[in-house]
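The values are calculated or read from the model by the stated rules, or taken from the named source; none is laboratory data. Fair warning: this is a prediction, and the values are worked out from it, not measured in the lab. Heads up, the Cβs are rebuilt from the backbone with ideal geometry, glycines too, and the neighbour counts pull from every protein chain shown.
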Amino acid sequence: MKLINISLISLLSFSVITGCGGDAPIKGAGSNIPYLKANHLNYKDTTTATTPAPTKDLGAQTITWSITADTETDAIKLFDHIKFMTGKLETDKNPRPWDELFLIDAYMKTNFRYTTDTNRLTNTVTITKAATDSCAYQVISAHSDVTKGDFFAQGIIDIDYSPIAQTIINSPDCLASKPALDAYILARKKAKM
Ligand code: HEM
């Protein structure tokens, strides 16, 4: 009997430590990336009913999306992905550290140069990203192009967008930010595994 109790206690503590169903330290857990890749065609632009597309407002420096998923599960998976990624960026983590576009995206987020607001109403997910300046706006704009053209349209997620990042860093809009962006890339970039 004592043995059974001990085993039960160890089993319970193991569950707590590994965080069963919670934030277990499994690579990719919570990002839902494999699900989104496999089901990318389940998402449509709420207005056009074709591939989701960002609405860009250069003057206001905002990017908005309204995406309607085929099922509520699809919508939850997308909503959770964005919340998970926002959380990563806000806690100074680097998803895709081999890709300079994702690195400068993280830089802009940790330096409070754009905000992300994500909402879900049944099957529809709306996202509003607002930049504080034209350099940060270029970064979120490029990210949204990739999300539309490669992620949603084709389910392709392994292209390295570093050349796009370089064009942005070397553009007039990013002149003042260039030293900090270069330094951030140097400090954070990792080789692709
Ligand atoms: C290569 C794997 C991926 C990574 C590392 C990744 C990472 C990210 C990051 C860092 C954000 C920004 C979060 C924020 O703004 O606070 C984001 C947003 C988003 N992701 Fe992903 N993502 C990936 C794949 C996908 C896929 C496959 C889809 C859909 C098929 C998707 C859809 C979205 C959408 C709609 C947003 C919000 C809109 C936007 O940021 O422009 N992502 N993702």
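Looking at Thr132, Thr116, can you tell me which residue is near the ligand (Cβ under 9 Å from one of its atoms) and surrounded by fewer than 22 Cβ atoms within 10 Å (Cβ to Cβ)?
Just a single option satisfies the conditions, and that option is Thr116.
Just checking, which of Asp160, Asp145 is over 14 Å from the mean Cα position of the chain (by Cα), surrounded by 14 or more Cβ atoms within 10 Å (Cβ to Cβ) and under 22 Å from Pro34 (Cα atoms)?
Asp160 is the lone residue from the list that is over 14 Å from the mean Cα position of the chain (by Cα), surrounded by 14 or more Cβ atoms within 10 Å (Cβ to Cβ) and under 22 Å from Pro34 (Cα atoms).
Can you confirm whether Ile76 is at pLDDT 95 or above, within 20 Å of Ile33 (Cα to Cα) and touching a helix residue (DSSP H, G or I) at 6+ places or on another chain (Cβ under 9 Å)?
On the way: at pLDDT 95 or above: yes; within 20 Å of Ile33 (Cα to Cα): yes; touching a helix residue (DSSP H, G or I) at 6+ places or on another chain (Cβ under 9 Å): no.
When the stated conditions are applied, Ile76 does not pass them.
Condition test on Thr126, is it farther than 29 Å from Thr46 by Cα and either surrounded by fewer than 16 Cβ atoms within 10 Å (Cβ to Cβ) or within 13 Å of the ligand (Cβ to nearest atom) (or both)?
In short, no.
From Ala183, Ala165, which residue is among the aliphatic types (A, V, I, L, M), out of contact with any Cys (no Cβ under 9 Å at 6 or more places or on another chain), over 28 Å from Ala38 (Cα atoms) and away from the ligand (no atom under 13 Å from the Cβ)?
Only one candidate qualifies: Ala183.
Under 6 Å between Cβ atoms, which residue pairs at least 6 apart in sequence (or on different chains) link something in region 56-69 that is closer than 16 Å to Arg113 by Cα with a partner that is within 14 Å of the ligand (Cβ to nearest atom)?
Close Cβ pairs satisfying both conditions: Gln61/Ala131; Gln61/Tyr137; Thr62/Ala130; Ile63/Pro54; Ile63/Lys56; Ile63/Lys129; Ile63/Ile140; Ile63/Ser144.
Answer yes if at least one residue in region 118-131 is part of a loop (DSSP other than H, G, I, E, B) and closer than 26 Å to Ala60 by Cβ, and no otherwise. Can you show your working first?
We begin by selecting, within region 118-131, every residue part of a loop (DSSP other than H, G, I, E, B); these are 122-123.
When the remaining residues are screened for being closer than 26 Å to Ala60 by Cβ, the result is none.
Taking every residue of region 118-131 in turn, none turns out to be part of a loop (DSSP other than H, G, I, E, B) and closer than 26 Å to Ala60 by Cβ.
Evaluate the following for Lys178: is it without any contact (Cβ under 8 Å) to a residue 60 or more places away in the chain and among the basic types (Lys, Arg)?
Yes.
Inside region 70-83, can you point out the residues that are without any contact (Cβ under 8 Å) to a residue 40 or more places away in the chain and within 10 Å of the ligand (Cβ to nearest atom)?
The answer is Lys83, and nothing else.
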